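No lab work stands behind these numbers, since they all come straight from the coordinates. None of these values were measured; they are calculated from a predicted model. Using ideal geometry, Cβ is built from the backbone for each residue, glycine included, and neighbour counts are taken over all protein chains shown.
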Amino acid sequence: MGAYRRNHWVHIAGITGCISPEYLGVKAVLLTIWAAFVITGCYSTTDGLISVRRDTVNVGRANVGDSVCATFKFRNNTYATQTVTFLPECDCTTVSAESMELGPHKRGSIEVKVAVESPGEFTKYVYVQASDGDVFFSVAIKGRGK
């Protein structure tokens, strides 16, 4: 009699199939990669020192004369405390703080408020810089005035 190997049924991404034990190792690797992505919090790297969870927020439609708000979450990727500075592009955009201190690997957030001044699409930017960084990056609020 030949050796009997037991195959396993799996369900991945909507596909069900039968795989051998050798391929279960691949499943473990994929699960590890997925877990690492989830644990890091899905932050996108911007300048290497500071990461932002979402660099653009679409607030949808808003009446002219109203204000819209969005919260941006940042993370310090270094082992040193960083002072993060925020500079709105125009007077119709305000931030809850001009700067914030982020300890090593700590997180913080700011609220950005934009006055909808005219009908049509708008995109308003806030420029962000870390104390140890040479470059700025931006976060944006997009929407449509009606």
Using only alpha carbon pairs under 8 Å that are at least six residues apart, calculate the relative contact order of segment 44-145 and give it in whole percent.
35 percent
Residues meeting the amide H criterion for K106 (H placed from the backbone, H to H distance under 5 Å, 5 or more places apart or on another chain) are N76
Modelled label reach - S67, point 7 Å along Cα→Cβ, segment 98-116 residues with backbone N closer than 18 Å:
98-99, 110-116
Count the net charge of all other residues whose Cβ sits under 10 Å from the Cβ of T71, scoring Lys and Arg as +1 and Asp and Glu as -1.
+2
Calculate the spin-label point distance for R144 paired with R53, positioning each point 7 Å from the Cα along the beta-carbon direction, and give it in nanometres.
2.7 nm
What is the gain in length, in nm to one decimal, between Y79 and E98 on full extension, counting 0.36 nm per residue of separation less the C-alpha to C-alpha distance?
4.6 nm
Each residue of segment 97-111 in order: what ³J(HN,Hα) in whole Hz does its phi give by Karplus 6.51 cos²θ - 1.76 cosθ + 1.60, θ = phi - 60°, with x for Gly and Pro?
8, 6, 7, 8, 9, 10, x, x, 6, 9, 10, x, 9, 10, 9
Amide proton proximity set for V57, modelled H, under 5 Å, gap of 5+:
A140, I141, K142
Quick one: what are the phi-derived ³J(HN,Hα) couplings along segment 128-138, Karplus 6.51/-1.76/1.60 with θ = phi - 60°, whole Hz, x for glycine and proline?
10, 9, 8, 4, 8, x, 8, 10, 9, 10, 10
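What is the packing order of peptides 54-61, 83-90, taking the mean over residues of other C-beta atoms within 10 Å and listing the highest first?
Top to bottom by mean Cβ count within 10 Å: 83-90, 54-61.
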